[in-house]
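Everything below concerns the one structure shown next.
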Amino acid sequence: MSDKVLMKGNEAIAEAAIIAGCRHYFGYPITPQTEIAAYMAKRMPKIGGTFLQAESEIAAINMVYGVAAAGKRCMTSSSSPGISLKGEGISYMAGADLPALVVNVQRGGPGLGGIQPSQSDYFQATRGGGHGDYHMIVLAPASVQEMASLTVKGFELADKYRMTSMILADGTMGQMMEPVSLELDVKEPPEKPWATTGTGMARPHNVVNSLFLSPDELERTNFLRYERYAQVEANETMYEEYLMDDADVCIAAFGIAARVSKNAVNAARKEGIKAGLIRPITLWPFPKAAFAKAADRVKAFVSVELSMGQLIEDVMLAVNGKAPVTLCNRVGGMIPSPEQVLDAIRKAAENGGAR
Amino acid sequence: MTVFEKPKALADVPLHYCPGCTHGIVHRLVAEVIDELGIEGKTIGIAPVGCSVMAYNYFNCDMIEAAHGRAPAVATGVKRADPSKVVFTYQGDGDLASIGTAETVHAAARNENITVIFINNAIYGMTGGQMAPTSLPGQVTQTSPYGRDVTQCGYPVKICEMLSQLEGPEYLERVTVNSVKAVRNAKKAIKKAFQNQLDGKGFSMVEVLSSCPTNWGMTPQQALKWIDDKMIPYYPLGVYKDRSAQKEEKA
């Protein structure tokens, strides 16, 4: 265990980003993720990097747009209300095919909401969040270790597919402390011949742009982008299965909800209910195949979430009517207890005829 | 002997600007300065949203198209990514003085080492002639059809005057391009704004009072005269801040 250090989730993201080669961070203070900015403010000047507290979340995401256009790994972080402001910039980055990492340590909403943990930005994250047809690669850590490893993965996938990666965490993940290994698998960024680094008078000029006034050209850029998205779906979908081999009741949950749900699954097993868990690690691409396969055998699904029923829609799409799917949730900064989840499992087992 | 030719930094394509619009002149001045300083290969330009949205097609250096008003933030990112590069933004009044006011003010406050070319023609041109933050009191536009009523829409924003109150910026000058003499003076200012960046001096902005005959409902000649008669009295030309020159004077 000597290689592990005790870190807050937010700090683990910041240190992992530095390990991944990110030397440019732009942010604006907002609870519960400000530790990321504070960590970067301390570290970046010592390693020749840039920490800049922007005048707004809008400015921060556009500074990221600039560094990404210049071909370097860069990131910003915020929490729900701030992510709404970044939506414009994220859409422009999608339109210009720029790679970057955006971290959302979610808090309850809508509006100013609260400062306690939430998962209610699921739709915003998995459907893009801004205007136009696009996706982000959305990664959902469920431990401080994953806060670190998925940050590194986020940079890697962003560069590989020229997309924005988002870490969709929540206040719990950001604030809690766990031992974490910082021996992370960092892949070097690919060449970026498209970057605006100056022509050096050696090539035609590069243009980073999301404006295509001719409809057939704009349509073509959309089609090409979605061909890339299809590759992401085929190659990069990640999930964890827990006790799913013989499960009659399947929980769908990510992040903190998945950790609570694991306890409930164990408790259900003690009562003789064959419960299991599928934890999406990539929320987009969503592990449709895993749920579709489970639906051939599982008798009932329960979506456990810190939102009013967002994840459940993707679960229902994947299950496609083969089994009932029910919701078990708390919102506004509240977290479902293992007992509440266990109760939902019991009900699902009865209704699905699982015992 | 060649007596006149297209600047090398300007692409050999037709510009889409209306007859009598002064964007073309300012594009040319920027390109001449890039040529004279020999910096095309290491320059990155940031285009705005507005009439000059397609400036990325007109300059031969690397170009980035920014979201409306965000060019100074994007330029900040590019410059911080590699401070050895030359980074300029080219923005209109709606972009710089309305939707992007925060980005403008804070890039200036940080003395971000970039060059800003600010085209002030007192109107939104691209969308068909709506009231701009810099439209004059009483000015008739599509969205101020009875003339800009300052009791309802407030007064025009004077950017050079406003930014000159900040400690941050290095150099702020307002020029115009409605005569040969004015064009020559504008070029000097633009060159200085780029040279300042090369010398590491910081945020340098040139505001150019420009014409929009199409949306002002004037002939090109009338429009040039309107700059003299109406715009300059409200937006006096001159240097609003030149920190290095001030330091020299003190010394």
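The values are calculated or read from the model by the stated rules, or taken from the named source; none is laboratory data. Remember, it's a predicted structure, so these values are computed and weren't measured experimentally. Glycine also receives a Cβ, built like all others from the backbone with ideal geometry; neighbour counts cover every protein chain displayed.
Kindly indicate whether B:VAL175 is free of Cβ contacts under 8 Å to residues at least 40 places away in the same chain and either farther than 15 Å from B:PHE88 by Cβ or touching a helix residue (DSSP H, G or I) at 6+ places or on another chain (Cβ under 6 Å) (or both).
no
A quick yes/no check of all residues on (1) free of Cβ contacts under 8 Å to residues at least 60 places away in the same chain; (2) in contact with a Phe, Trp or Tyr (Cβ under 6 Å, 6 or more places away or on another chain):
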{"position": "B:LEU136", "(1), (2)": "no, yes"}
{"position": "B:TYR155", "(1), (2)": "yes, no"}
{"position": "B:LEU166", "(1), (2)": "no, no"}
{"position": "B:ALA182", "(1), (2)": "yes, no"}
{"position": "B:SER204", "(1), (2)": "no, yes"}
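Criterion first (small (Gly, Ala, Ser), within 20 Å of A:LEU98 (Cβ to Cβ), touching a strand residue (DSSP E or B) at 6+ places or on another chain (Cβ under 9 Å) and not in a helix (DSSP H, G or I)) does B:GLY77 satisfy it? Considered against the rule, which asks whether it is small (Gly, Ala, Ser), within 20 Å of A:LEU98 (Cβ to Cβ), touching a strand residue (DSSP E or B) at 6+ places or on another chain (Cβ under 9 Å) and not in a helix (DSSP H, G or I), B:GLY77 comes out as no. The combined condition, being touching a residue at least 12 places away in the same chain (Cβ under 8 Å), surrounded by fewer than 18 Cβ atoms within 10 Å (Cβ to Cβ), assigned by TED's automatic domain parsing to the domain that holds A:LEU224 and not in a helix (DSSP H, G or I), is fulfilled by A:THR31.
Reported count of residues in the stretch A:240-260, each being touching a strand residue (DSSP E or B) at 6+ places or on another chain (Cβ under 8 Å) and not in a loop (DSSP other than H, G, I, E, B), is 12. Scanning the stretch B:6-42 for residues that are assigned to a loop (DSSP other than H, G, I, E, B) and more than 28 Å from B:LYS225 (Cα to Cα) yields B:LYS8, B:ALA9, B:ALA11, B:ASP12, B:VAL13, B:GLY38, B:ILE39.
Does A:PHE26 satisfy the condition of being aromatic (Phe, Trp, Tyr), within 19 Å of the chain's Cα centre (by Cα), buried (at least 16 other Cβ atoms within 10 Å of the Cβ) and within 14 Å of chain B (Cβ to nearest Cβ)? In short, yes. Scanning the stretch B:80-116 for residues that are under 24 Å from A:CYS74 (Cα atoms), under 15 Å from the mean Cα position of the chain (by Cα) and surrounded by fewer than 19 Cβ atoms within 10 Å (Cβ to Cβ) gives a single hit, B:VAL105.
Exactly one residue among A:THR172, A:THR196, A:THR164, A:THR237 is closer than 28 Å to A:GLU339 by Cα, in contact with a strand residue (DSSP E or B) (Cβ under 6 Å, 6 or more places away or on another chain) and of a type outside the set (D, E, K, R), and that residue is A:THR172. Inside the stretch B:1-26, residues that are closer than 28 Å to B:MET126 by Cα and free of Cβ contacts under 8 Å to residues at least 40 places away in the same chain make up a count of 7. Within the stretch B:39-65, residues that are facing another protein chain (nearest Cβ under 7 Å) sit with their Cβ atoms under 6 Å from residues that are hydroxyl-bearing (Ser, Thr, Tyr) and outside any loop (DSSP other than H, G, I, E, B), at 6+ positions apart or across chains, in these pairs: B:CYS61/B:THR43; B:MET63/B:TYR56; B:GLU65/B:TYR56. Of all the listed residues (A:ILE345, A:ILE256, A:ILE251, A:ILE312), the sole one being buried (at least 22 other Cβ atoms within 10 Å of the Cβ), more than 21 Å from A:ALA140 (Cα to Cα) and either touching a residue at least 60 places away in the same chain (Cβ under 8 Å) or aromatic (Phe, Trp, Tyr) (or both) is A:ILE345. The residues of the stretch B:234-251 that are of a type in the set (A, V, I, L, M, F, W, C) and part of a strand (DSSP E or B) amount to a single one, B:VAL239.
In the set A:LYS270, A:LYS160, only one residue is buried (at least 18 other Cβ atoms within 10 Å of the Cβ), of a type in the set (D, E, K, R) and either at pLDDT 95 or above or farther than 30 Å from A:ILE115 by Cβ (or both); that residue is A:LYS160.
Being closer than 26 Å to A:GLN119 by Cα and either out of contact with any Gly (no Cβ under 9 Å at 6 or more places or on another chain) or crowded, with 24+ Cβ neighbours inside 10 Å (or both): is that true of A:ALA70 here? So that I can check it myself, show each step before the final result.
Working: closer than 26 Å to A:GLN119 by Cα: no; either out of contact with any Gly (no Cβ under 9 Å at 6 or more places or on another chain) or crowded, with 24+ Cβ neighbours inside 10 Å (or both): yes.
Against the criterion (closer than 26 Å to A:GLN119 by Cα and either out of contact with any Gly (no Cβ under 9 Å at 6 or more places or on another chain) or crowded, with 24+ Cβ neighbours inside 10 Å (or both)), A:ALA70 does not qualify.
Figure legend. Inter-residue proximity from the stretch B:230-251: first residues under 16 Å from B:ALA193 (Cβ atoms), second residues surrounded by 15 or more Cβ atoms within 10 Å (Cβ to Cβ) and of a type in the set (Phe, Trp, Tyr), beta-carbon distance below 9 Å, spacing 6+ or different chains. Indicated pairs: B:VAL239/B:TYR171; B:TYR240/B:TYR171; B:LYS241/B:TYR171; B:ASP242/B:TYR171; B:ARG243/B:TYR171; B:SER244/B:TYR171; B:ALA245/B:TYR171.
When A:GLU271, A:GLU339, A:GLU305 are checked against the criterion of being within 21 Å of the chain's Cα centre (by Cα) and of a type in the set (D, E, K, R), A:GLU305 stands alone in meeting it. Being closer than 22 Å to A:ILE167 by Cβ, of a type in the set (Lys, Arg) and buried (at least 17 other Cβ atoms within 10 Å of the Cβ) is not true of A:ARG228. If you go through the stretch A:189-204 and pick out every residue that is farther than 21 Å from B:VAL74 by Cβ and more than 12 Å from chain B (Cβ to nearest Cβ), you end up with 2.
Here is a yes/no grid of residues against (1) under 30 Å from B:GLY45 (Cβ atoms); (2) surrounded by fewer than 18 Cβ atoms within 10 Å (Cβ to Cβ); (3) within 14 Å of chain B (Cβ to nearest Cβ):
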position: A:LEU213; (1), (2), (3): yes, yes, yes
position: A:ASN266; (1), (2), (3): no, yes, no
position: A:ILE278; (1), (2), (3): no, no, no
position: A:THR282; (1), (2), (3): no, no, no
position: A:PHE286; (1), (2), (3): no, no, no
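Just the residues that are assigned to a loop (DSSP other than H, G, I, E, B) and surrounded by 24 or more Cβ atoms within 10 Å (Cβ to Cβ), please, taken from the stretch B:51-74. Those that are assigned to a loop (DSSP other than H, G, I, E, B) and surrounded by 24 or more Cβ atoms within 10 Å (Cβ to Cβ): B:TYR58, B:CYS61, B:ALA66, B:ALA67, B:GLY69, B:ARG70. Take A:PHE123 and decide whether it is assigned by TED's automatic domain parsing to the domain that holds A:ALA37, aromatic (Phe, Trp, Tyr) and closer than 22 Å to A:LEU182 by Cα. No.
Looking only at the stretch A:99-114, decide whether some residue is crowded, with 18+ Cβ neighbours inside 10 Å, free of Cβ contacts under 8 Å to residues at least 24 places away in the same chain and over 18 Å from A:MET147 (Cβ atoms). No. The number of residues in the stretch A:5-28 that are within 24 Å of B:ARG110 (Cα to Cα), among the hydrophobic types (A, V, I, L, M, F, W, C) and outside any loop (DSSP other than H, G, I, E, B) comes to 1.
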